[in-house]
1. What is the packing order of peptides 47-56, 122-131, 175-184, taking the mean over residues of other C-beta atoms within 10 Å and listing the highest first?
2. What does the charge count near Val124 come to, summing +1 for each Lys or Arg and -1 for each Asp or Glu among other residues with Cβ under 11 Å from its Cβ?
3. Considering only the other residues whose Cβ falls under 15 Å of the Cβ of Thr93, what net charge follows from Lys and Arg at +1 and Asp and Glu at -1?
4. Can you compute the modelled spin-label distance between Leu61 and Ala156, with each label point 7 Å from Cα toward Cβ, in nm?
5. Among 108-114, 138-144, how do they line up by average Cβ neighbours within 10 Å per residue, starting with the highest?
6. Regarding the range 38-141, what is the average projected area of its C-alpha convex hull, in nm²?
7. If you take the C-alpha gyration tensor of the range 83-153, multiply each eigenvalue by 5 and take the square root, what semi-axes do you get, largest first, in whole Å?
8. Can you give the Rg to Rh ratio for the range 76-195, taking only C-alpha atoms and Rh from Kirkwood?
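Please treat every number below as a calculation from the coordinates, not as lab data. Remember, predicted model here, so these are calculated numbers, not experimental data. Neighbour counts run over all protein chains shown; Cβ positions are idealised from the backbone, glycine included.
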Amino acid sequence: MPWTICSWEENKLSKKPLIITLIVAALGLTACVPAVFVAGAAVGALVGSDPRSPQTQTSDLKIGAEISARIIDAYKERAHVNVNVFGARVLLTGEVPDDAARQNIAQLASTYPGVRFAHNETVVAPPSSTTDRLNDTQLTARVRTAILTDAGDAHAIHFLVTTERKAVYLMGQASPALTDIAARAASYISGVERVVKYVDVKQP
């Protein structure tokens with residue numbers, strides 16, 4: 001499936017640089033949505049409705065739980081890795097002890113049965129503090145509220161939101177227009193330093 005990476009610009013509210021990466025999985029074509037700018041088996045905050053079938057939701061939860069269990073078994077307290085899954089696409093975030101661990105975790109996730117693609121956003125760093133994780137949780141809640149407010153129609157958006165180290169990750173499905181709205185809403189939240197989108201873009 002083709003991927004397109006689009007640009008970055010500064011946060012207009014905070015006036016500080018805000019790096020925003022938009023990665024679009026276009027269904028059937030390559031497209032770039034205009035860029036103005038989804039621990040353990042973590043369940044990100046769902047924004048809007050969930051287009052996945054009950055079977056897919058169950059499968060996603062199982063994939064996330066089993067990948068997480070294997071990571072914990074291998075690295076114990078030396079790593080803090082969150083695993084989110086939407087439509088068999090895996091997002092890995094958090095901290096790992098070294099580059100070898102980062103590569104091993106990516107390999108584990110990408111080769112797990114049923115996984116379409118694994119996005120490895122982990123970093124080599126000490127595990128984040130309880131305070132940092134609480135701050136990320138609060139940012140996720142604020143981003144979720146902002147997206148719902150700006151989008152207007154909760155039934156038209158399908159995002160899974162998670163935050164790690166002040167970076168907001170959006171997974172799911174949406175039209176180009178709503179993808180733009182969600183990106184703007186997330187980027188304008190005070191405290192958010194980066195927005196990364198892994199979105200199946202559907203034309204309306």
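1. 175-184, 47-56, 122-131
2. Spelling it out: positives minus negatives among the neighbours equals -2.
3. +1
4. With each label placed 7 Å out from Cα toward Cβ, I get 3.0 nm.
5. Put in order of decreasing packing, that is 138-144, 108-114.
6. The Cα convex hull of the range 38-141, projected and averaged over all directions, gives 6.4 nm².
7. They are 26, 20, 7 Å, listed from largest to smallest.
8. We get a ratio of 0.99 for the range 76-195.
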